[in-house]
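Values quoted throughout were computed directly from the atomic coordinates according to the rules given, and no laboratory measurement underlies them. Note that the coordinates shown come from a computational prediction; the quantities given were computed from them, not determined experimentally. Cβ: placed from backbone, ideal geometry, glycine included. Neighbour counts: every protein chain shown.
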Amino acid sequence: MSISKVLVNSFVNITSKAAIAAHKFVGKKNKILADKAAVDIMRSEINKLDIDGKIVIGEGELDEAPMLYIGEKLGSGKGKSIDIAVDPVEGTNFVANNLPGGISVIAFADRNHLFNAPETYMNKIAINKSIPDDAVDLDNSIKKNILNIADARNKDVSNVRVCILDRPRHQKIINELLNLNVKLKLIKDGDVAGAILVTDDKYDVDIFLGIGGGPEGVLAAAALDAFGCKFQGRFLFETENDIKRARDMGIKDLDKKYELNEIIKGETVFCATGITDGDLVKGVSIVKNEFYTETFVTHTNSFKNVIKNRYPKLD
C-alpha cells in the first residue's frame, strides 16, 4: 500500500507544530528547552496517528532519551507499518541564538526501508543529478572530484561552489579547496539542510561534502532521493563502543561505502519546517493571532514542494 497524501499532510502538520513549539525559545539561549519542546509535541502528535510507527533515528537510545528514542513504537499500532527518522530541532544553536537555519525534520518510509544509522560520524558527499554518478566518489581525491564537477557542469573551477561544515576537523579540506580557488559555503551547523542545497541550482551549491552525523546523513538522503541526486556515506567509528553499537545494529562491514539506494528504499517522505529563516524555508512567523510556517516536503516519485500553513495562536 502506497503512502497516502493524507499521511504526508499529517507529518507536515507534525513538523510544523514542533517548529512552533521550538520557536518559543528562539533567542533564549537555551537549546535544551527548544529541543525538548519540539520532541514533546512531535511524540504526542505522532501518537495520535493510526500507524504502526517505529523510530529508527531519534534522540538517542532508551537510556539517553525518554522520548523519541531508537526503537520506540509510536501511533495506534493498527495502521500502516512505517519507519520514522526524526531530528526535532536541527540547528539547536541556531534556534537558541536566533540565527538562520533552524528546522524541524521528519522522514518516514515503509518498515525496514530506512537505514538504522548508529549515532556516529559519517563521511558524506552529495551532488546534483546533472553531474554523472561516476564523476564524483568518496574515494576520489578532493581535487579530482572538483575538476570532474567543473568539467561536467561546463564551468571554471573558480565557479564551483562547495558546501561544508566549518569545523576544525575540516581545516585541511578547506585549505585544499581554497588552493583550488573554488567558492566556499561554510555552514556552522545543519548538515541535513546543507546537503539538500545541491538539489536546485537556485541555491548555487555544486557539491556538499565532509564529516557530519550519520543519522543526519540518512535524513538528507531521504530528501535527495526525490531529486535523483547522488549521495554516498561511510561511517567513521572512533571507539570500541561505536563499533559494538554498529555491530548490534547489524553492520558487518565497518568500512563500507553506502550508496543512496542502500540507505533509502521505496517510497520515502521528507518534511522540514523552518523554525528560523534559512535557505530552504522561512522560519515561523506570527501575524495577529496566527502562526505561519513553511515546510519543505518531498515524496519519492510524487512531489517536491514548499507547503505553507497557518495555525491559531492559543496562548
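When the listed pairs Lys48/Lys256; Lys183/Lys265; Lys143/Lys244; Lys188/Lys252; Lys5/Lys54 are checked against a 29 Å cut-off, the alpha-carbon distance exceeds it for Lys48/Lys256; Lys183/Lys265; Lys143/Lys244; Lys188/Lys252. Extending 7 Å from Cα along the Cβ direction at Lys183 and again at Asp204 yields two label points whose distance is 0.4 nm. Rg and Dmax of region 98-205, both derived from C-alpha coordinates alone, stand at 15.1, 46 Å.
Computed from the C-beta positions of Lys78 and Leu138, the FRET efficiency with R₀ = 41 Å rounds to 0.45.
Before anything else, pin down the relative contact order of region 201-273: Cα pairs under 8 Å, at least 6 apart, normalised by residue count, whole percent. If you can, show how the numbers build up before the last one.
Values: 44 pairs, mean separation 27.5, N = 73.
Reported relative contact order: 38 percent.
Where in region 9-38 is the amide nitrogen less than 16 Å from a point lying 7 Å along the Cα-to-Cβ axis of Tyr292? Only 20 fall inside the zone, counting backbone N under 16 Å.
With contacts taken as Cα pairs under 8 Å and at least 6 residues apart, region 238-315 reaches a relative contact order of 21 percent. Distance between the C-alpha centres of region 36-79 and region 122-163: 37 Å, rounded to the whole angstrom.
Listed highest first by mean packing, meaning other Cβ atoms within 10 Å per residue, what order do 288-301, 111-124, 139-152, 92-105 come in? Display every interim value, and only then the final one.
Details: 288-301: 18.3, 111-124: 19.9, 139-152: 16.6, 92-105: 24.1.
Peptide ranking by packing, descending: 92-105, 111-124, 288-301, 139-152.
Need one number: the % of Cα-Cα pairs in region 1-94 sitting beyond the 20 Å mark. For region 1-94, the fraction of Cα-Cα distances above 20 Å is 35 percent.
Measure up Lys80/Lys304; Lys78/Lys282; Lys185/Lys282 against 26 Å on the Cα-Cα distance and list the ones that go over. All intermediate terms of the calculation are to be shown ahead of the outcome.
Values: Lys80/Lys304 22 Å; Lys78/Lys282 35 Å; Lys185/Lys282 19 Å.
Table pairs above 26 Å Cα-Cα are Lys78/Lys282.
An ellipsoid equivalent to region 37-88, defined through the eigenvalues of its Cα gyration tensor, has semi-axes of 17, 12, 8 Å when rounded to whole angstrom and sorted largest first. Divide the volume of the convex hull around the Cα atoms of region 121-263 by the residue count and you get 103 Å³ per residue.
Using the Cβ-Cβ distance between Asn305 and Asn261 with R0 = 22 Å, the FRET efficiency computed as 1/(1 + (r/R0)^6) comes to roughly 0.40. Counting 0.36 nm for each residue step from Asn175 to Lys155 and taking away their Cα separation leaves a gain of 5.1 nm.
Using the Cβ atoms and a cut-off under 9 Å, what net charge is assigned to the surroundings of His113, where Lys and Arg are +1 and Asp and Glu are -1? Could the numbers behind the result be given before it?
Values: positive: Arg111, Lys265; negative: Asp83, Asp110, Glu267.
That works out to -1.
The mean sequence separation of alpha-carbon pairs under 8 Å and at least six residues apart, normalised by the residue count of region 121-263, gives a relative contact order of 32 percent. Eigenvalues of the alpha-carbon gyration tensor of the chain, scaled by 5 and square-rooted, set the equivalent ellipsoid semi-axes at 30, 23, 19 angstrom, largest first.
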